[in-house]
Amino acid sequence: MSEEYDFQQIEKKWQNAWEKEKAFVSCEDSEKPKYYSLEMYPYPSGRIHMGHVRNFTIVDVISRFKRMEGFNVLHPIGWDAFGMPAENAAIEKGIHPREWTMNNISHMKVQLKRLGLSYDWSREITTCLPEYYRWNQWIFLKLLEKGLAFRKKGQVNWCPQCQTVLANEQVVSEKCWRCDTEVKQKYMEQWFLKITDYAEELLSGLKLLDKWPEHVLTMQKNWIGKSKGAQLTFQVADYSLCIEAFTTRIDTIYGATFMVLSPEHPLVEELIKNSENRENLKDWLDKAIAELQQRTESDDFEKEGIDTRRKVFNPFTGKKIPIWIANYVLMEYGTGAIMAVPAHDQRDYEFARKYSLPIKEVIVPEESNPHDSEDLFEDYGVVVNSGSFSGLPCREAIEKMTCYAQEKGFGGAITLYRLRDWGISRQRYWGTPIPVMYCKNCGVVGVPFKDLPVDLPEEVEFKKGEGSPLEQVEKFVKTECPQCGGEARRETDTMDTFFDSSWYYFRYCSPAENKLPFNPESVASWLPVDIYIGGVEHAVMHLIYARFFCRILRDLGLTELDEPFPFYISQGMVTKDGAKMSKSKGNVVDSDDMIAKFGADSTRLFILFASPPEKEFIWDDKGIEGSFRFLNRVWAFFQDNIGVFKTSPATPNRTASAENKIEPLRIKMHQTIKKVTEDIGDRYHFNTAISSVMEYFNQIKKDCPDLRSSDDGRMLLKEAVICLILLLSPFAPHICEEMWEKIGQKKLLALQPWPDFDPDLAKEETVIIVVQVNGKMRDKFEAERDFPEDKIKQKALKSRRIQKYLENREPKKVIYIKNKLINIVV
């Protein structure tokens, strides 16, 4: 009587066995090639969702495969454990953020282990613990020493009711997400990291990342935003103030009929402070800034502005032009101030028409490049109405005008970046304390390294609407200056959690290191990360910050690495019922429910089978049922034939039977090994790898009755099933370990070598020839591999479908790519 597939018992058994045997604990080993596989570590929200399951399972399959291929695999896990949700829980539920976070970690850890993920748990890190965040503070102090950490005034979202700064995502429809109070913009002293010092290196480094998705590289290029142009100084009339403006088109300067500042420009307050219309200006600014914070780049919006009633001198013409503030100019671009040229810029033109501002043409098309006079001309042409520069081609005028500005002292060539210095200050409790203090005598003083970590105080009160709880903890705030011994006040801001995630992949290499953030020798052994997987929502901020940190740690002498992630896969989101899974939409699928009903192996198999990693994954309840049925069929077949597998000796990779005839199943076996090896190791197409394993199983099942009737057949059948277990094991490791043990194997399957294939046997006997006409596929047919070229061409040209496209015309050329395609050019 065959044994039932009791997945719950089987999965628990092997999870315990892997843990007991320390199967996935990694150590440095110079005898083996290393492989560092990593997914973006999770935030401990309390439960893992299907997006997590997909991400973690993808990396797990690669890790298991590489381990079986003979690599020394590092596959660690940790927790991105600081952040606002824990503090919200403290306010709403009366539970301390640390307790809430650690409880969530305990629960999620059980969930991850139930999935059978091959993590090295001995390297687990938790960023909210002092043994991790002390090194955040150490790195910050090193940056402070080098001038890369600094303090300045910056603009923030401020809730007057809660008396705290809000992150952009906490501002909903211009109101506080907690109390529904209208959010104001406020200038506050903030701590920044000088990421702009690395802008060019971060940009040029993208050329090395040829294994990154193109859309992610484009997002990073745009975020860094390099622009070459000129910076000009505009003197404010009747005022000892100058405004710097950046332009890539200095050749249009004679057509600049007004200047526009961003509502967030730091000189706005100074320009309007003595205005009779100050209150109206201030109200308009607050509204415009709030709208700017909520706007995305794709938003369509009406251009609006307000006249400051002040003027600047155009440095080339000497004429006064008005200063406006408008919502279409951003601080993120250039200097936050533009010279507006409405005759040659669409946005400036629309604004000028709306507010009846003058429009002056200063560029015309070259004679060889006719232009519709009714359309705005924004291209390069010939300069006109521009004094001594008139008649020059635009590119020559740009060069000469820039030199002129340099000679006269009011401008010159410059390269600017859209990238801004990284503001890391957060006015909240649950984050890394910034390790500085303020002394009346000594100013800003860094905490001595020997006194790290600066611990978060445990005894705090969390009250809605009272800002950071740290400000109320007198024992924390009051301290002694280490330089003069006088009274000092601790910084009560904490660090942006992106600080934690910018270097955690270094810490995994030596998590117990207590003299430095990590051991440089261990890092040299393991890094760079060989494959990094995470969502596209992190394509800009996290990945840029991590690349920046890699460079600053290099410049601190801790690593020689420039790029931490040479290979990055951006996995697609998991959707259900046409939308991304979310609690608010009520379409979340609970991983615990799926594992309880179908088992971890079925869940893993389905989430990998439905689509390749980079594509969107559409959840379908019938799909997981199909994966469950497949594993049940494999189990039932195995149980029905277990006597054969236990008693028959397995042969080496034989290539022929006694009659010297190659068995079809052996050919299929080697073809499947080749296909699955390439799909996992080269293409990362797990869906097609699983499909090949399923086809292979069907072939085994079909051939089984005949093979059981002879000794040679039974030996081949056992060999084929051993191969099936090995190939299926990265995807469904628990059931495969169980079958491996039941055929008499004593050692863990997870640590067995990956099967080899014979290239001659793996070669397909037939191939599909695609037939194109002028580069478009019009037909295809099956042919023997290496069939003569002339006969392949004859068959293609005689095809009825192809005859229809040829229309009795003689082909100009017939191009044949062996065993792949024919392109007929007519």
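A few notes on this one:
- Stretching GLU782 away from LYS22 to a fully extended chain increases their span by 268.6 nm, per 0.36 nm per residue minus the current alpha-carbon distance.
- Using R0 = 51 Å, the C-beta based FRET efficiency linking VAL825 and ALA413 works out to 0.55.
- Among beta bridges identified by DSSP and lying wholly in the chain, the antiparallel ones come to about 75 percent.
- Contact order relative to length of the chain, as percent, for alpha carbon pairs under 8 angstrom and 6 or more apart: 14
- Taking the stretch 625-640 and a reference point 7 angstrom along Cα→Cβ of GLN745, the backbone N atoms nearer than 20 Å belong to 631-640.
- Working from label points 7 Å from Cα in the Cα-to-Cβ sense, the LYS580 to THR766 distance is 4.6 nm.
- At 1.002 mPa s and 20 °C, Stokes D of the stretch 1-129 from Kirkwood alpha-carbon radius, µm² per second: 131
- Zero-based 10 Å bins, Cα pair distances in the chain, whole percents: 2, 10, 16, 19, 17, 15, 11, 6, 3, 1, 0
- Contact order relative to length of the stretch 745-826, as percent, for alpha carbon pairs under 8 angstrom and 6 or more apart: 32
- Gain on full stretching of the segment that runs from ASN277 to LYS804 - 0.36 nm per residue minus C-alpha separation: 182.1 nm
- Each peptide in 774-787, 307-320, 327-340 was scored by the mean count of other Cβ atoms within 10 Å over its residues; highest first, the order is 327-340, 307-320, 774-787.
- Average accessible area per residue (Å²) across the chain - probe 1.4 Å, nucleic acids and ligands excluded: 46
- Approximate spin-label separation ARG347-GLU480, in nm, with each point projected 7 Å along Cα-to-Cβ: 5.5
- Cut-off 12 Å (backbone N to label point 7 Å along Cα→Cβ of THR248), residues of the stretch 407-436: 416-418
- Cα-centre dipole for the chain with unit charges at Cβ (Lys and Arg positive, Asp and Glu negative), debye to 20: 1060
- Angle between the chain longest axis and helix 84-93 axis [Cα atoms, degrees, rounded to 10]: 90
- Summarising the label geometry, the points placed 7 Å from Cα in the beta-carbon direction at GLN406 and VAL540 lie 3.3 nm from one another.
- Fraction of accessible area attributable to carbon and sulfur, the chain (%, probe 1.4 Å): 47
- In degrees, nearest ten, helix 130-145 long axis to first principal axis of the chain (Cα): 40
- Long-range amide H partners of ALA343 with built H, under 5 Å: LYS360
- Packing rank of 116-128, 694-706, where each peptide gets the mean count of other beta carbons within 10 Å, highest leading: 116-128, 694-706
- Value at 222 nm in deg cm²/dmol, rounded to 500, when DSSP H runs of n ≥ 4 in the chain each add -39,500 (n - 2.57): -11500 deg cm²/dmol
- Two-site FRET efficiency, LYS211 against ASP238, from Cβ-Cβ distance with R₀ of 51 Å, rounded to 0.05: 0.30
- The Stokes-Einstein estimate for the stretch 50-107, based on a Kirkwood radius over Cα pairs and taken at 4 °C with 1.567 mPa s viscosity, is a diffusion coefficient of 93 µm²/s.
- Treating r as the C-beta distance of LYS812 and GLU201 and R0 as 60 Å, the FRET efficiency rounds to 0.75.
- The relative contact order of the stretch 512-576 comes to 45 percent, based on Cα pairs under 8 Å that sit 6 or more residues apart.
- Among 745-751, 553-559, the peptide with the highest mean count of other Cβ atoms within 10 Å heads the list, and the full ranking is 553-559, 745-751.
- Full extension of the chain between PHE150 and ASP6 gives 45.8 nm of extra length, using 0.36 nm per residue less the Cα-Cα distance.
The values are calculated or read from the model by the stated rules, or taken from the named source; none is laboratory data. Just so we're clear, the structure is a prediction, and the values are computed from it rather than from any experiment. Ideal geometry is used to build each Cβ from the backbone, glycine not excepted, and the neighbour counts take in all protein chains shown. Surface areas here come from the heavy atoms of the whole protein model, side chains and all, with no ligands, DNA or RNA. Shrake-Rupley method; radii C 1.70, N 1.55, O 1.52, S 1.80 Å.
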